[in-house]
Amino acid sequence: MIDPTVSHRAFVAPAVPAAVPVMPALSATASDRDDQGPALDVRNMSIEYSDGHVAVRNLTLAFPKRSVTAIIGPSGCGKSTALRAFNRMNELIPGTKTTGQVLFHGIDVYGSAVDPVQVRRRIGMVFQKPNPFPKSIYENIAWGARINGWTGDMDELVESSLRQASLWDEVKDKLKRSALALSGGQQQRLCIARACALKPEILLMDEPTSALDPLSTSKIEGLLDELKTLYTIIIVTHNMQQAGRISDMTAFLFTGDLIEFAPTRQLFVTPRDERTERYISGRFG
Amino acid sequence: MNGTFNDRLEVRKNKAKYRSVAFLIATIFSVLFLVLLIASIVNQSFGYVLVEADTDPASLARNGVALEDLDAAGLVETLREGLTRKHFAALDAEAPLVSRPREELLGLIQREIIREEVQKTWLLSDSVLHKGEIFAFRDAEFPEGRIYFRSWLSIDLLKNPQSSSALDSGLRGAALGSLATILLTIALAFPLGVAAAIWLEEYARDNRINRFISLNIYNLAGVPSIIYGMLGLALFVRALEPLSSGAVFGVAGDGNASGRTILSASLTLALLVLPVIIINAQEAIRAVPQSLRQAGLALGATKWQTIWHHVLPASADRILTGTVLAMSRALGETAPLVVVGASTFLSQDPTGPFSRFTTLPIQIYQWTARPQGEFRSLAAAAILVLLILLLALNATAIIMRNRYRSRRRTGT
């Protein structure tokens, strides 16, 4: 399903005044993409909300490239908070304090020289509830590329992005129609296509199927398998079966602490921690 | 725990029935009052008028030709004979009479020689129901008088400037003044209000100072409008007189305006509607789901790109609706403009932001204050004009809003 003709023309950063430091490593080169280091290296990250509640405590975790990593855990364990911290979306919640480092190409995305706008273009995000723009299907894909200075052929980009989300065949005749007319599952795949259109290196997914029916869910799960050849995927899910089906690595979070991080099969078959075992066997959470 | 359920279905249903009847009655009452209001205005705007002329038009026939059929030269002669020499010379000095169009000459004769004066006016209801009595009254009291059915709402009402005679008085100056004031008001208040709302909703941190600012904007929306009038008088008319009279721009407005200009009125009204526009735009922006902002930001958009491309289009319909409500309020405001110094009698059209002005509500107020009944009819007709103007404004806004809404739905 992946279109082999995906254009690799680069995004041109809008003219930035010299005074604004640009993350050097973020202008990713081919060698960066092929290097075997982790896609995202989280070190001692803690997140505290304005009310003093510590949602994530001392999280240290390295996400391997071109693979699917699932973050599981009971409600309120901080998994979504952690995920949103990876591309600095937590900053939208006033008073959130994040400490520690999130290294992306060796550079801390929380560094003072880093603009969250740069981070979010390269670390895309798909939300729990499908949130397409109230615009046409075409415009949903094209907008992000346009504001980020895409110089390539827009039609081509829209098509390849929709193909990556295996939505192209369903919508190719109605690109000018409103995205809101699509079904929930189609909307969510559109949101995935929209994120892919920016050619990010990492895709963060926050319970992307929890608002969808089983059929749409299985479509998206199948999609992840193909997308991981292009992107590093980090997915938060409260559905353990889903984590087992789709992920290569699984991290188990419990009350803000990372309890266990292991290859998925190992974590589910031979959990090392007693709390992990209790959770995956359904005794709490 | 002991207990049973007693569903008392009959009682509950009856209660609901009484309530719904009460709500229906309330609705009927409000509609009734609205109908009554319109009816009383319409009742005053049309009806029989009894006029008596100084000079009988029939006596102005020359050489057997009736007045209406005379040529321009004949009309000038009629004027020369009918007016004092001084008056005739004064009119001729304004613009040579021989070169004026025939209609204008006829109008002059009508005003200066025939000089019809209203003796009595009747309401529409009386004109329909008591026609006989009206004519009997004329025959008894004013045998020379002429009775005709007059619609005070007419093209002439819109075309004519204000005049001391109700018969040819119009509200052109007031209507133009209202339009100019309201357009300038919106041009000032809309961008300012929306910008403030964007800042308060999207940029301002939730701290004590900003909460204090928000609270005060809410309070300002409730300040009586006359207070804004006082502020406008002190600030725009007095303190900023060089600005509001156009002197700093090197524009010579009305020499005697001394700050009581359309600009002063618009600035005052802009202050008045600004809190309303801000609050309404804030609510419109707040109603945009957070998920839309997240979607934009997650795609590497800047805050402003997200606001401009997604938040504002999604809230535009609500912002527009609120702005129109504010506009309607400004259009109907009288008190602050009286304080700011609207002219009570102005026979010239406004020429620009630095000219003296009067507006429709001021004009209506002036006319209703006159003792003569005919001015009340004139006022009623002017109220109809104001209402039509308001409805036209609202309709425009609704059309704009619907267009935005459908564009959002179809996503084009």
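Of note:
- Candidates B:SER164, B:SER40, B:SER127: whichever shows maximal mean-square fluctuation once chain B is modelled as a Gaussian network with Cα springs under 10 Å: B:SER164
- Sorted largest first, extent of the protein assembly as shown alpha carbons per principal axis (Å): 122, 78, 52
- Inter-probe distance in nm under a simple model that places probes 7 Å from Cα toward Cβ, at B:LEU325 and B:ILE155: 3.9 nm
- Unsatisfied cross-links (Cα-Cα over 19 Å) in the set A:LYS65/A:LYS228; A:LYS79/B:LYS303; A:LYS135/A:LYS172; A:LYS129/A:LYS176: A:LYS79/B:LYS303; A:LYS129/A:LYS176
- Relative to the longest principal axis of the Cα atoms of chain B, the long axis of helix B:172-198 makes an angle of roughly 10 degrees.
- Under 19 Å of direct C-alpha separation, and excluding same-chain neighbours fewer than eight residues apart, B:LYS15 reaches these aspartates and glutamates: B:ASP7.
- Signed unit charges on C-beta, dipole axis of the stretch A:147-285, positive-most listed residue A:GLY282, A:THR229, A:SER161: A:GLY282
- For the pair B:SER40 and B:PHE249, a Förster radius of 56 Å applied to the C-beta separation gives a FRET efficiency near 0.80, rounded to the nearest 0.05.
- The charge dipole of the protein assembly as shown, taken about its Cα centre with unit charges on the Cβ atoms of Lys, Arg (+1), Asp and Glu (-1) only, comes to about 2180 debye.
- The charge dipole of the stretch B:172-410, taken about the Cα centre with unit charges on the Cβ atoms of Lys, Arg (+1) and Asp, Glu (-1), comes to about 680 debye, rounded to the nearest 20.
- Rounded to two decimals, the Cα-based Rg/Rh of chain A, with Kirkwood Rh, is 0.96.
- Charge tally in the Cβ shell below 15 Å around B:GLU202, where Lys, Arg are +1 and Asp, Glu are -1, B:GLU202 excluded: 0
- Close amide H contacts of A:HIS238 (hydrogens built in the peptide plane, cut-off under 5 Å, sequence separation of 5 or more or a different chain): none are found.
- Amide hydrogen neighbours beyond the local backbone of A:GLY100, cut-off 5 Å, H modeled: A:SER46
- Ellipticity at 222 nm from helices only: DSSP H runs of n ≥ 4 in the protein assembly as shown, each -39500 (n - 2.57), divided by the residue count, give -15500 deg cm²/dmol.
- Spin-label model, B:ALA234 to B:SER20: label points 7 Å out along the Cα-to-beta-carbon direction sit 5.5 nm apart.
- Fraction of antiparallel bridges per DSSP, the protein assembly as shown only, in percent to nearest 5: 65 percent
- Taking the alpha carbon gyration tensor of the stretch A:165-233, multiplying each eigenvalue by 5 and rooting it gives semi-axes of 19, 15, 11 Å, largest first.
- Cβ-placed point charges (K, R +1; D, E -1), dipole of chain B about Cα centre in debye, nearest 20: 2820 debye
- Beta bridges by DSSP in chain A, antiparallel share as percent, to the nearest 5: 55 percent
- Order of A:MET205, B:MET230 - criterion: other Cβ atoms within 10 Å of each residue's Cβ, fewest first: B:MET230, A:MET205
- Phi angles of the stretch A:245-250 translate, via the Karplus equation with coefficients 6.51, -1.76, 1.60 and θ = phi - 60°, into HN-Hα couplings of 6, 9, 9, 8, 10, 9 Hz per residue; Gly and Pro are given as x.
- Whole-Hz couplings from phi, Karplus 6.51/-1.76/1.60, listed for the stretch A:37-47; x for Gly and Pro: x, x, 6, 9, 10, 9, 10, 6, 7, 10, 10
- Computed over the stretch B:46-151, Cα set: Rg, Dmax in Å: 16.7, 49
- For the stretch B:187-282, the residue among B:THR261, B:ALA239, B:ALA195 whose Cα projects farthest onto the positive side of the dipole built from Cβ charges is B:ALA239.
- Along chain A, the longest continuous region that contains none of the trypsin sites (Lys or Arg not before Pro) in a DSSP loop with at most 11 other C-beta atoms within 10 Å is A:1-271.
- Evaluated over the stretch A:115-250, the Cα radius of gyration and Dmax, each in Å: 14.1, 42
- A:VAL42 long-range amide H proximity, modeled H, under 5 Å: A:LEU61, A:ALA62, A:PHE63, A:LEU103
- In the stretch B:172-410, taking the dipole from charged Cβ atoms about the Cα centre, the farthest positive-side position among B:LEU320, B:ALA180, B:PHE354 is held by B:LEU320.
- What the phi angles of the stretch B:239-244 give under the Karplus curve with 6.51, -1.76 and 1.60, with θ = phi - 60°, is a coupling list of 5, 9, 3, x, 6, 6 Hz, glycine and proline written as x.
Only the coordinates and a few stated rules stand behind these numbers; no lab work does. Not measured: the values here are computed from a predicted model. With ideal geometry, Cβ positions are generated from the backbone for all residues, glycine too; neighbour counts draw on all protein chains shown.
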